[in-house]
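Worksheet: one structure, shown below.
The values are calculated or read from the model by the stated rules, or taken from the named source; none is laboratory data. It should be emphasised that the depicted structure is a prediction, and the values quoted were computed from it without experimental measurement. Neighbour counts run over all protein chains shown; Cβ positions are idealised from the backbone, glycine included.
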Amino acid sequence: MDLTLTPPQQELRDRAGRYVVDHLQPLEAQFERDGRLPDDAVADVKRVAVDLRLAGGPLPEAVGGQGWSALEQVLVHEQLGQATGGLWSFIPGAYNALVHCTPEQRTRYLEPSLRGERFGAYAITEPGQGSDVRTLASTAIYDAPEREYVLNGEKWFVTGPPETDFMIFHCHLLEGGERLPTLFLVDYDTPGVQLVHDPQYTHTFADRHPQFRLADVRVPVDAVLGGVGAADELTNEWFVEERLHIGARCTGAMERLLTLAVGYATERVQFGQRIYDFQGVSFPLADSAADAAAARLLTREAAALMDSGADPKVVHAKASLAKLFASEAAWRCADRVVQVFGGRGYMREFPAERYLRELRVDRIWEGTSEIQRLVIARALEKRGVDAVVG
Ligand SMILES: Cc1cc2nc3c(=O)[nH]c(=O)nc-3n(C[C@H](O)[C@H](O)[C@H](O)COP(=O)(O)OP(=O)(O)OC[C@H]3O[C@@H](n4cnc5c(N)ncnc54)[C@H](O)[C@@H]3O)c2cc1C
């Protein structure tokens with residue numbers, strides 16, 4: 001597979017890289033210290049992203065996005081991974097499921113999301129249902145006389161920036177003895193939507209991950225997103241795409257960590273020598289370089305395969321392979337780089353410390369490492385070793 005970048009792809013990657021260096025990295029330390037950014041700084045981050053045509057990248061141009069291919073999304077996320085604090089999440093955008101919006105939903109949710117006026121969350125996980133998303137307990141019941149659905153359920157880790165104001169609620173529509181997996185668009189200010197708890201997490205992130213309870217929440221008949229019964233398919237599409245994004249961001253994080261570590265280790269002198277000249281320092285960085293290069297190849301290859309229209313099951317396995325390897329490698333890399341920085345590696349004002357906390361979740365969200373292994377193992381058996389490894 002030829003992974004040579006075209007000139008427009010290189011230009012996109014460079015544009016995203018300049019945005020990260022000029023507009024996100026300068027805010028990192030302040031964000032880590034205060035846990036938030038001034039409103040004008042957030043507005044600036046959004047505005048510049050829109051001006052630089054970085055908003056809504058994966059969505060088709062026909063609905064106001066940039067129409068990036070999977071490989072182009074990966075190129076951009078490699079750059080976004082070079083910012084800590086998840087500051088890229090302020091960039092206006094929308095979950096790919098919103099491409100299925102009706103014209104009315106488009107006006108209410110998709111278009112304002114692409115302008116940075118609204119933010120949506122994707123609520124799948126529940127207190128009792130995590131990795132096993134096929135057994136969700138949240139329900140919808142149709143109230144025919146009122147032409148409304150009645151939603152009930154509890155959702156955890158409902159991720160989005162603090163101003164997030166709607167969620168894509170994944171539940172089962174109970175109809176004629178059947179449980180039809182269905183997505184609903186739910187505004188946070190709908191009666192019965194209750195924010196129960198907004199916990200602190202290991203990372204200091206632009207996104208919050210609160211817990212919501214929906215108790216007899218009534219939504220109109222046109223709150224269904226993508227059709228009754230379509231939720232599992234749409235959510236699966238999101239998992240595959242986001243696993244590629246995670247692989248790419250982890251790759252970008254490793255690149256930045258290595259750049260910082262090599263810069264520091266070639267300057268820092270102990271025992272009359274550059275610490276880089278101690279193999280105990282430089283060899284772990286060499287191992288990290290191998291990790292980063294392999295993660296980049298795996299992620300770009302999976303994306304290019306998706307763009308080529310390959311068997312979706314094989315693409316799914318390849319995306320899992322990329323996410324599994326890149327997230328585990330990035331964690332190893334952050335740990336090694338913290339060690340290279342010595343005591344400075346333990347200070348929150350240095351990126352290595354922040355990465356060590358932030359990269360941990362990449363082995364958990366969008367399917368844990370164990371779930372990625374399940375996907376890969378299944379594909380090895382059903383599609384064959386050559387399809388997965390070749
Ligand atoms: C910061 C953060 C943000 C998140 N954002 C979102 C979000 O926006 N929307 C959303 O819906 N969810 C979100 N999640 C939830 C996340 O996707 C889940 O935490 C994850 O899928 C694991 O589910 P769980 O926590 O219930 O763990 P469990 O499923 O209970 O798993 C616990 C442990 O058991 C292991 N395990 C489970 N099943 C198997 C198996 N078959 N074989 C081997 N091992 C197994 C797991 O790998 C894990 O180690 C977020 C989580 C975090 C931490």
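Condition test on L27, is it more than 18 Å from the chain's Cα centre (by Cα), aliphatic (A, V, I, L, M) and surrounded by 19 or more Cβ atoms within 10 Å (Cβ to Cβ)? Yes: the conditions hold for L27.
Scanning segment 108-134 for residues that are farther than 20 Å from A97 by Cα and either assigned by TED's automatic domain parsing to the domain that holds L54 or more than 11 Å from the ligand (Cβ to nearest atom) (or both) returns no hits.
Quick grid of which residues meet (1) crowded, with 22+ Cβ neighbours inside 10 Å; (2) away from the ligand (no atom under 16 Å from the Cβ):
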site	(1), (2)
I168	yes, no
G177	no, yes
T190	no, yes
V193	no, no
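The set of residues from segment 1-57 being assigned to a helix (DSSP H, G or I), under 30 Å from V389 (Cα atoms) and in contact (Cβ under 8 Å) with a residue 60 or more places away in the chain comprises Q9, L12, R13. Among the residues here, S113 does not qualify as part of a helix (DSSP H, G or I) and closer than 16 Å to H209 by Cβ. When S369, S327, S320 are checked against the criterion of being closer than 30 Å to T259 by Cα, among the small types (G, A, S) and touching a Cys at 6+ places or on another chain (Cβ under 8 Å), S327 stands alone in meeting it.
The single condition among (1) outside any loop (DSSP other than H, G, I, E, B); (2) buried (at least 18 other Cβ atoms within 10 Å of the Cβ); (3) of a type outside the set (A, V, I, L, M) that F157 does not satisfy is (1). Give segment 195-243 a look and list any residue that's without any contact (Cβ under 8 Å) to a residue 40 or more places away in the chain and either away from the ligand (no atom under 14 Å from the Cβ) or in a strand (DSSP E or B) (or both), or say none. L195, H197, E233, listed by residue number. For S288, state whether it is surrounded by 21 or more Cβ atoms within 10 Å (Cβ to Cβ), in contact (Cβ under 8 Å) with a residue 24 or more places away in the chain and under 18 Å from Q82 (Cα atoms). Judged against the criteria, S288 is a match.
The rows are residues; the columns are (1) closer than 20 Å to A230 by Cβ; (2) modelled with pLDDT of 95 or more; (3) among the hydroxyl-bearing types (S, T, Y).
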{"position": "I141", "(1), (2), (3)": "yes, yes, no"}
{"position": "E148", "(1), (2), (3)": "yes, yes, no"}
{"position": "K155", "(1), (2), (3)": "yes, yes, no"}
{"position": "T159", "(1), (2), (3)": "no, yes, yes"}
{"position": "E163", "(1), (2), (3)": "no, no, no"}
{"position": "F166", "(1), (2), (3)": "yes, yes, no"}
{"position": "H172", "(1), (2), (3)": "yes, yes, no"}
{"position": "L183", "(1), (2), (3)": "yes, yes, no"}
{"position": "V186", "(1), (2), (3)": "yes, yes, no"}
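For segment 293-305, the tally of residues that are aliphatic (A, V, I, L, M) and buried (at least 23 other Cβ atoms within 10 Å of the Cβ) stands at 3.
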